[in-house]
Amino acid sequence: MSLGSVPAVSSNDQPVQILADDASQSKGDRARMNNIQAATMIASIVRSSLGPHGMDKLLVSYEGVITITNDGATMLKEMQIQHPAAKILIELSKATDTTVGDGTTSAVVLAGALLEGADELLRKGVHPVVIVSGFSKAAKKAAEVMEEASFPVPSRGREALVRVARTSMQTKVVANASDVLAGIVADAVLHVATERDGSYLVDMKSIKVEKKVGGAITDTKFIRGVTLDQRLVHPNMPRRVEKAKIAMINAPFTIEATTFNTMITIRDASKLAKFIDEETRMFREMVEKVRATGANVVICQKEMDEIAKTMLERAGIAAVQKAYEYEMPRTAKAVGARIVDSIDDLRAEDLGYADVVEEKTLDNDRLLFFEGCRDPKAVTILIRGGSKRVIEEAERSVHDALMVAKDVLQEPALVAGGGAAEAEAAYQVQKWSEGLSGRDQLAAEKFAEALEALPVALAENAGMDRINAAAELRARHAAGGKWFGISSDGKVKDMRKEDVVEPLSVKRQVVLAATEAASMIIRVDNIVIRKPTDFHPKKGMDRTDEMNAPPPV
């Protein structure tokens, strides 16, 4: 496939066209500077959103959908950025969000600061390979410093998870409700965590986050069980069942059809009555098999016949049909049931349990709540809020908090927040760089300056003078105050004493991922961009492909 148009000359000075005519190309320093400029512009956009005093961004899509957020990954995703180098930072934020869940804005800001430092070195004639090598060595040193400055979690209990979840949410729109939400997040993670050989595994898919408009953020509720977006199949079924015994069936509650087409002709009214009676008897047997197990709630993944619905209602059994396939395993994990593929296979030991199963109406929608499960391995967080936009941002905040709680459970090590870890790493890397020789030292010094950009951004967003804040931070860390950072009241304080802590794994991921992204951009010295193909809106192919396509069979 051709990539663009690049004129070339052969050994006998004959012009040779290597690529097509519909391309533009940028080479050497011009290409590199263009990429760096685009990436640093992206970093400057999200920089003002960093920290507890960060500003929100209002984003409007092509369809007019409005998003208000200060979450780095969400901002970059919604911006629809086209520049190829800037897209590398978007991939950086996505990878950070997927891996550790938090620190997406920090990663982009750090990558931008690294590129600004690289730009200065490039203008002084330092080779890109030297810069990348120096950055790589400095990143490893910074990760080591952060590990040395970390402190262990005494026990992987609820208190430690609450602390990191609260810190994560202090920078979000839900900051005022962070105490309530942090406890909910900790409970959710602990319920779905399993221990194996001294290490913990956390299945995040077992935590369902449900959003319903109404009330305030502080009305958000932790449910030791699940909710189903389903209605009971009969209006007279009990809306509340206590001490519920739950049968989960992956089979239709209908009479099985034959595998071939049939037609039954009935000419005698008495025979029609017998036919209906036989059909009713078969449904009665099915319902009786369910009732005999002791079940008083039925979750059916398939469809239910109207006769079966009526009989279940008369038996005092609450039932739902057409439960979503992806909800069935999570519900089974919550209530402790076994999903059976046939009603004939259902046994009393297959039933799940919940203290209460109740149908409730929230935000004009009916939800079925399964609460008070004995040992739920799947749980639900029901987020409430005054408007749709508030609960959407709250959901993003809860997601980040869940991820950092999981990170601490899997790697029980914390560092001081408020930019303290980055300030300590900047100070130590600066000292370490003095022992280097050649141009590696220049790259390491720029790396230290880039690390310092994070606490300085926190200070600026809190209304502090950036020069004074940077000077005080350096002085504190030079005096051995490795946990000093920028507090929420705009002062330089010991952040461990302020109980502002973050997972070591998040900080390490931010440093290493940002370094890799910046290095990738620095190493690019040629950009070839081709115009979009002539796309056929109906068949989904360009016209050349259409002409060369084989005839229809």
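The values are calculated or read from the model by the stated rules, or taken from the named source; none is laboratory data. Keep in mind the model is a prediction, meaning the values are calculated, not measured. FYI the Cβ positions are ideal-geometry reconstructions off the backbone, even for glycines, and counts take in every protein chain you see.
Numerical summary
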quantity	calculated
Selected residue (only one of Glu371, Glu422 is in contact with an Asp or Glu (Cβ under 9 Å, 6 or more places away or on another chain) and surrounded by fewer than 24 Cβ atoms within 10 Å (Cβ to Cβ))	Glu371
Restricting the range 197-208 to residues that are of a type outside the set (D, E, K, R) and assigned to a helix (DSSP H, G or I), the residue that is farthest from Asn364 (Cα to Cα)	Met204
Count of the range 115-171 residues which are part of a loop (DSSP other than H, G, I, E, B) and among the hydroxyl-bearing types (Ser, Thr, Tyr)	3
Checking Tyr427 against (1) closer than 29 Å to Gly134 by Cβ; (2) surrounded by 24 or more Cβ atoms within 10 Å (Cβ to Cβ), the condition it does not meet	(2)
Qualifying residue in the range 157-165 (condition: assigned by TED's automatic domain parsing to the domain that holds Ala405 and under 20 Å from Leu454 (Cα atoms))	yes
Looking only at the range 300-359, and only at residues there that are on the phi > 0 side of the Ramachandran plot and touching a residue at least 60 places away in the same chain (Cβ under 8 Å), the one that is farthest from the chain's Cα centre (by Cα)	Gly316
Check on Ile90, modelled with pLDDT of 85 or more, out of contact with any helix residue (DSSP H, G or I) (no Cβ under 7 Å at 6 or more places or on another chain) and part of a helix (DSSP H, G or I)	no
Test for Ala470: is it buried (at least 21 other Cβ atoms within 10 Å of the Cβ) and under 19 Å from Ser106 (Cβ atoms)	no
Of residues in the range 374-399 being more than 21 Å from Lys333 (Cα to Cα) and among the small types (Gly, Ala, Ser), the one surrounded by the most Cβ atoms within 10 Å (Cβ to Cβ)	Ser397
Lone unmet requirement of (1) within 30 Å of Ile207 (Cβ to Cβ); (2) modelled with pLDDT under 85 for Met263	(1)
Residues located in the range 120-143, provided they are surrounded by 15 or more Cβ atoms within 10 Å (Cβ to Cβ) and not aliphatic (A, V, I, L, M)	Pro128, Ser133, Gly134, Phe135, Ser136, Lys137, Lys141
Strands (runs of 3 or more DSSP E) within the range 209-258 that include 3 or more residues in the same structural domain as Ile339 (by TED's automatic domain parsing), over 30 Å from the mean Cα position of the chain (by Cα) and of a type in the set (Lys, Arg)	240-249
Residue check, Leu362 in contact (Cβ under 8 Å) with a residue 24 or more places away in the chain and buried (at least 21 other Cβ atoms within 10 Å of the Cβ)	no
Those residues of the range 170-185 which are of a type outside the set (Val, Ile, Thr) and in contact with an Asp or Glu (Cβ under 8 Å, 6 or more places away or on another chain), in sequence order	Lys172
Residue in the range 211-220 that is touching a Lys or Arg at 6+ places or on another chain (Cβ under 7 Å) and more than 28 Å from Pro52 (Cα to Cα) present	no
Check on Val357, surrounded by 23 or more Cβ atoms within 10 Å (Cβ to Cβ), outside the structural domain of Leu190 (by TED's automatic domain parsing) and more than 12 Å from Met248 (Cβ to Cβ)	yes
Count - residues of the range 197-208 that are under 22 Å from the mean Cα position of the chain (by Cα), farther than 18 Å from Thr331 by Cβ and loosely packed, with under 15 Cβ neighbours inside 10 Å	1
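Here is a yes/no grid of residues against (1) without any contact (Cβ under 8 Å) to a residue 60 or more places away in the chain; (2) among the hydroxyl-bearing types (Ser, Thr, Tyr):
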{"residue": "Ser387", "(1), (2)": "no, yes"}
{"residue": "Ala394", "(1), (2)": "no, no"}
{"residue": "Gly419", "(1), (2)": "no, no"}
{"residue": "Glu445", "(1), (2)": "yes, no"}
{"residue": "Leu454", "(1), (2)": "no, no"}
{"residue": "Ala462", "(1), (2)": "no, no"}
{"residue": "Asn468", "(1), (2)": "yes, no"}
{"residue": "Ala471", "(1), (2)": "yes, no"}
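Condition check ((1) without any contact (Cβ under 8 Å) to a residue 24 or more places away in the chain; (2) more than 30 Å from Val404 (Cα to Cα)) across all residues:
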| position | (1), (2) |
| --- | --- |
| Lys87 | yes, no |
| Lys94 | yes, no |
| Thr99 | no, no |
| Ser106 | no, no |
| Ala111 | no, no |
| Leu114 | no, no |
| Glu120 | no, yes |
| Gly125 | yes, yes |
| Val129 | no, yes |
